[in-house]
1. With an 8 Å Cα cut-off and a minimum separation of 6 or more residues, compute the relative contact order for segment 40-137 in percent.
2. Between residue 24 and residue 85, what's the calculated FRET efficiency when r is the beta-carbon distance and R0 is 22 Å? Round to 0.05.
3. Be a star and scan segment 76-97 for residues whose amide nitrogen sits under 14 Å from the point 7 Å along the Cα-to-Cβ vector of residue 104.
4. What nm value, rounded to one decimal, do you get for the distance between residue 92 and residue 54 when each label is placed 7 Å out toward the C-beta?
5. Between rounded, prolate and oblate, where does segment 40-137 land on the alpha carbon gyration tensor, with a ≥ b ≥ c its root eigenvalues, rounded for a/c under 1.5, else prolate if a/b exceeds b/c?
């Protein structure tokens, strides 16, 4: 009987030790959580993210819809595509950089990874593609023509 009570108390000690280690590990993880997992705490960073995600895309109403539609269409073709985490970092002043990675599995099973980068200017409310993949889905802004100036006369007059 003494041996049975010893094994019961040893199991109890091990059980409580494991639970305590799990609780301490979870507390340590929460305390030192990587910044990429934290929700955006900068309201201007959140505004930059919203500006990019809701910006027009080629063939879709928004960039976010274009990205999620690509993932969905790959899934329909029994291929895997993964959209990574949207990351925002301030560049300078009102300029923010927004990044997201897209991983596609090709027909042969190999993986392709593309990083989409945009620069969001909060004061101008403009989004510019800053990487080749982002340039492929971001429509070009129309070139603004300078105010029409009269053509100066030819230096020696018209030739007839």
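1. Working: 171 pairs, mean separation 22.7, N = 98.
Once divided by the residue count of segment 40-137, the mean separation gives 23 percent.
2. Working: r = 27 Å, r/R0 = 1.23.
In this case the efficiency is close to 0.25.
3. 76-83
4. Going from the residue 92 label point to the residue 54 one covers 2.9 nm.
5. Note, shape of segment 40-137 comes out prolate.
Just so you know, all these numbers are worked out from the coordinates, no wet-lab data involved. Computed from a predicted model, the values in this text were never measured in an experiment. No Cβ is skipped: glycine too gets one built from the backbone with ideal geometry, and neighbour counts run over all protein chains shown.
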